[in-house]
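So that we are looking at the same thing, I have put the structure below in structure tokens.
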Amino acid sequence: MKALNLYDIEDLRFEETTKPELESPDDVIIKVKATGICGSDTSRYKKLGPYKEGMTFGHEFSGVVEQIGNDVTDLNIGDTVTGCPAIVCHKCHYCEKGEYSRCENLYVIGSYEPGCFAEYVKLPASNVLKLPDNVDLDTAAMVEPSAVVAHGFYRTRMKPGATVAIMGCGSIGLLAIQWAKIFGAAKIIAIDIDNHKLDIAKELGADYTINSKKENLDDAISAIPDKIDVAVESAGSPFTIGQVLTLPTKGGEVLLLGIPYSDIEIKRQHFEKILRNELNVIGSWNGLSAPFPGEEWTATLHYMSTGEINVDPIISDRLDLEKGPETFYNLVNRKQHYDKVIFHP
């Protein structure tokens, strides 16, 4: 089969590789129909390199069940599905408590096992979820990032009627706007430095948009009559991680979703906001809960089926998998503008 394999930093190859085979009675082999580029993929491509040289890359996808192991009873060949890419041990202290995002042995396909930038991918049956009839395959390729966002919101104490600020309007931030509405936000503030992203944020439900490159953020926030209850950092930038601490009202919450790939230095006046405003700062990792893979996944599929999670405005490009090497190069080196890229193997 054809796949995108990562050999080194900026060395991604579209090439022939071995098709997965059934090895365990609970294995499921899926023909990949849609698979998306994640921000963590671009960071590994640009900065970190592969966990294993030549590993098939990618972890967000949807597809059609091609083969099933002898013990698989809840899936049938031909089912349209999405897959949770997180592999957990089901044995450690955290797994035994159902806290799967904290599994001591967690890894994601595309790191130590082949991922989904390929014609076929293999997962345990417990990681595979059937799609509702009205959820298309491109939409289902974004269940995984949606589940990651949902996991963060489940960790907050947010109440209906809250005002929520989202800092960073990439795919995660744009999904966070929609999850904030689902969790009952009355007002949503979207913050970014790109007017194009802010336009999408407005389309998806943001009540206020702030371009923090063109406006003074403190002044713009002060002009909004509502106090911010929850501030979500979804950019993972060394600059925004300090700024986001200035947003919530006293006793408010900061939800950290963005992953920084460089060291963070926080200014004293930003750090003191945690202390003086008695902020609750929440780290969130992955998107898993019990029963595995969790309510984040089933809720995402539900709200995609109702239309309350809409990913169409987020997806800018639908490309053949063979375009992978040039697309990654153009994306990380800013040679071409992309929002969410979906490959069709």
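With a 1.4 Å probe and all protein chains kept in place, how do ASP312, ASP263, ASP26 rank by accessible area, largest first?
Ranked list, largest accessible area first: ASP263, ASP312, ASP26.
Just want to confirm a number: the relative contact order over the chain, from Cα pairs under 8 angstrom separated by 6+ residues, in percent.
Relative CO of the chain lands at 19 percent.
Here is a follow-up. Before I look further, what does the chain give for accessible area per residue, probe 1.4 Å, in whole square angstrom? Kindly include the intermediate steps, with their values, before the conclusion.
On the way: 15620 Å² over 345 residues.
Per-residue value: 45 Å².
Something else: Compute the angle between helix 143-155 and the longest alpha-carbon principal axis of the chain, please, reported from 0 to 90 degrees and rounded to the nearest 10.
The two axes meet at around 40 degrees.
What part of the accessible area of the chain, given as a whole %, is carbon or sulfur when the probe is 1.4 angstrom?
45
Please state the Cα pair-distance histogram of the range 222-323 with 10 angstrom bins from zero: what percent is in each bin?
Using 10 Å bins, I get a P(r) of 13, 29, 32, 21, 4, 0 for the range 222-323.
Where the only charges are on Cβ atoms (+1 Lys, Arg; -1 Asp, Glu), what is the dipole of the chain about its Cα centre, to the nearest 20 debye?
With only Lys, Arg, Asp and Glu charged at Cβ, the dipole is about 1080 debye.
Something else now. In the range 73-170, what GluC sites (Glu not before Pro) fall in a loop by DSSP, with at most 12 other Cβ atoms inside 10 Å?
Answer in residue order: GLU104.
Can you return the lysines within cross-link range of LYS19? Criterion is Cα-Cα under 24 Å, with same-chain partners fewer than 8 residues away left out.
List returned: LYS2, LYS31, LYS33, LYS52, LYS122, LYS130, LYS323.
Classify the range 22-114 as rounded, prolate or oblate from the Cα gyration tensor: take a ≥ b ≥ c as the square roots of its eigenvalues, call it rounded if a/c is under 1.5, otherwise prolate when a/b beats b/c and oblate if not.
Working: a/c = 1.98, a/b = 1.17, b/c = 1.70.
Note, shape of the range 22-114 comes out oblate.
Report the one residue of SER171, ALA290, THR17 whose Cα lies farthest in the direction of the positive end of the charge dipole of the chain (charges on C-beta: Lys and Arg +1, Asp and Glu -1; origin at the Cα centre).
SER171
LYS250: which lysines have alpha carbons under 26 Å from its alpha carbon, excluding same-chain residues fewer than 8 sequence positions away?
By straight Cα distance, LYS250 reaches LYS159, LYS181, LYS187, LYS213, LYS227, LYS267, LYS273.
Among the trypsin sites (Lys or Arg not before Pro) in the range 152-226, which ones are in a DSSP loop with at most 16 other Cβ atoms within 10 Å of the Cβ? Mind listing them?
Answer in residue order: ARG157, LYS213, LYS214.
Something else now. Give, as a single signed number, the net charge of other residues whose beta carbon lies under 11 Å from the beta carbon of ASP207, with Lys and Arg counted +1 and Asp and Glu -1.
That sum, taken over residues with Cβ under 11 Å, equals +2.
Taking the radius of gyration and the Kirkwood hydrodynamic radius from Cα positions alone, what is the Rg/Rh ratio for the chain, to two decimal places?
0.97
Quick one: 3J(HN,Hα) in Hz for the range 95-106, Karplus 6.51/-1.76/1.60 with θ = phi - 60°, rounded, Gly and Pro as x.
4, 5, 8, x, 9, 5, 5, 9, 3, 5, 10, 5
To the nearest 10 degrees, how steep is helix 171-182 against the longest Cα principal axis of the chain, on a 0 to 90 scale?
Helix 171-182 sits roughly 70 degrees off the main axis of the chain.
Follow-up question, since we're still on this one. Under 10 Å, Cα contacts only: if you run a Gaussian network model on the chain, which one of LEU198, LEU319, LEU256 comes out with the highest mean-square fluctuation?
Ranking LEU198, LEU319, LEU256 by mean-square fluctuation puts LEU319 first.
Please turn the phi angles of the range 259-268 into ³J(HN,Hα) values with the Karplus equation 6.51 cos²θ - 1.76 cosθ + 1.60 (θ = phi - 60°), one per residue in order, whole Hz, x for glycine and proline.
9, x, 10, 8, 5, 10, 10, 9, 4, 4
Another question, if that's okay. I need two numbers for the range 114-258: Rg to one decimal and Dmax as a whole number, Cα atoms only, in Å.
That works out to 16.5, 51 Å for Rg and Dmax.
Follow-up. Rounded to the nearest 500, what is the chain's calculated 222 nm mean residue ellipticity when only DSSP H runs of at least 4 contribute -39500 (n - 2.57) each, over all residues?
Taken over the chain, the calculation gives -6500 deg cm²/dmol.
Please identify the trypsin sites (Lys or Arg not before Pro) of the range 61-137 that satisfy two criteria: DSSP loop assignment and at most 12 other Cβ atoms within 10 Å. Which are they?
Qualifying residues, ordered by number: LYS91, LYS97.
Cβ under 14 Å from ALA290's Cβ, ALA290 left aside: what net charge do those residues give with Lys, Arg +1 and Asp, Glu -1?
-2
The values are calculated or read from the model by the stated rules, or taken from the named source; none is laboratory data. Note that this is a predicted model, so its numbers are computed, not measured. Here the Cβ is made from the backbone with ideal geometry for all residues, glycine too, and neighbour counts use every protein chain on show. Ligands, DNA and RNA are stripped out before the accessible areas are found, and what is left, the full protein with its side chains, is counted by its heavy atoms. Shrake-Rupley method; radii C 1.70, N 1.55, O 1.52, S 1.80 Å.
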